[in-house]
1. Using each residue's phi in segment 79-88, evaluate 6.51 cos²θ - 1.76 cosθ + 1.60 at θ = phi - 60° and report the 3J(HN,Hα) Karplus result to the nearest Hz, with x for Gly and Pro.
2. Hey, got a sec? Which trypsin sites (Lys or Arg not before Pro) in segment 142-182 land in a DSSP loop and have at most 15 other Cβ atoms within 10 Å?
3. Do the sum for the chain: with -39,500 (n - 2.57) for every DSSP H run of n ≥ 4, divided by all residues, what is the mean residue ellipticity at 222 nm, to the nearest 500 deg cm²/dmol?
4. For the chain, what is the charge dipole size about the Cα centre, in debye to the nearest 20, if Lys and Arg each add +1 at the Cβ and Asp and Glu each add -1 at the Cβ?
5. Round to the nearest 0.05 the FRET efficiency obtained for Asp63 and Asn98 when R0 = 22 Å and r is the Cβ-Cβ distance.
6. Asp49 to Thr239: FRET efficiency via 1/(1 + (r/R0)^6), r the Cβ-Cβ distance, R0 51 Å, to the nearest 0.05?
7. Of the listed values (1) 0.94; (2) 0.97; (3) 1.29, grab the one calculated as Rg/Rh (Cα atoms, Kirkwood Rh) from the structure here.
8. When N counts the residues of segment 14-78, how does its alpha-carbon radius of gyration compare numerically with 2.2 N^0.38 Å, as a ratio?
Amino acid sequence: FLFSLINCISFAQNPELPFSDGESCTYQISYGVFGGGHAKYVLSQNKSDTKVIASGGSNSFVDLFFPVRNRYESIIDNQTLLPKYFKRDNNEGGYLINQEYLFNHKLKTVNTQKGKFKCESKSFDMVSAFIFGRTINSSNFKKNKSIFINLFIDEEIYNMPITFLGKETIHTKIGNINCLKFSPKVQVGRVFKNEDDLTIWISDDKNRLLVKVELGIWVGSIDAVIVNAKNIKFPLSITD
């Protein structure tokens, strides 16, 4: 889940963080006409750090064929918005991923269970990338133009391009929400068939909440749409 910047973080950021302690959102996941499961994140904050825990899983029907239980955790410095710690525990149909990353941005290294790896001076994990992206001033987004983020994933740096596609209103259970639409280019492989198989919609307001995700996979597509938002900092861009 993810957005933002070029290596040197040259884009201006909003002066006020768009989130606060206790924010949480819940999403309904669908596979075609079938309900696929649920996902949720909870954000907690103190003076120095922000912690985000995101988790999700398949429903009882999908569990019969391909059970999924995923959990992500990221601890982020409130001043720099760079990650300090990242943990990933995935079980997707018996395919297990267990990762822990300790970031040292001064030394440009990341310690993992597989050893110490070099990274760029401004590098993010999957969760902190999105949190940072929420602080980017929307005046930096130009339609059909890309910005980039250094994403440290699977012990490698991926300079991910994210293309702004314009504005769109998304229908959800909590109302019709005005959104900004983006297309991050993903790495083709185990999950994605094409590099354009991920589209995300972010609320067009000061919150920059994740509203919808659409993933094209090897067989069909998966949608995740927001169904609940609690303790958000600003009014949500709900329209009639």
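1. 7, 8, 6, 8, x, 9, 8, 9, 9, 9
2. Sites meeting the loop and neighbour criteria: Lys142, Lys143, Lys145, Lys173.
3. Counting only the DSSP helices, I get -1000 deg cm²/dmol.
4. Value, rounded to 20: 460 debye.
5. E(calc), rounded to 0.05, equals 0.60.
6. E(calc), rounded to 0.05, equals 0.90.
7. Only one option fits the structure, namely (1).
8. Here the answer is 1.41, to two decimals.
Every number here is computed from the coordinates shown, using simple stated rules; none is lab data. Since the model is a prediction, treat every value here as computed from it, not as a measurement. Neighbour counts run over all protein chains shown; Cβ positions are idealised from the backbone, glycine included.
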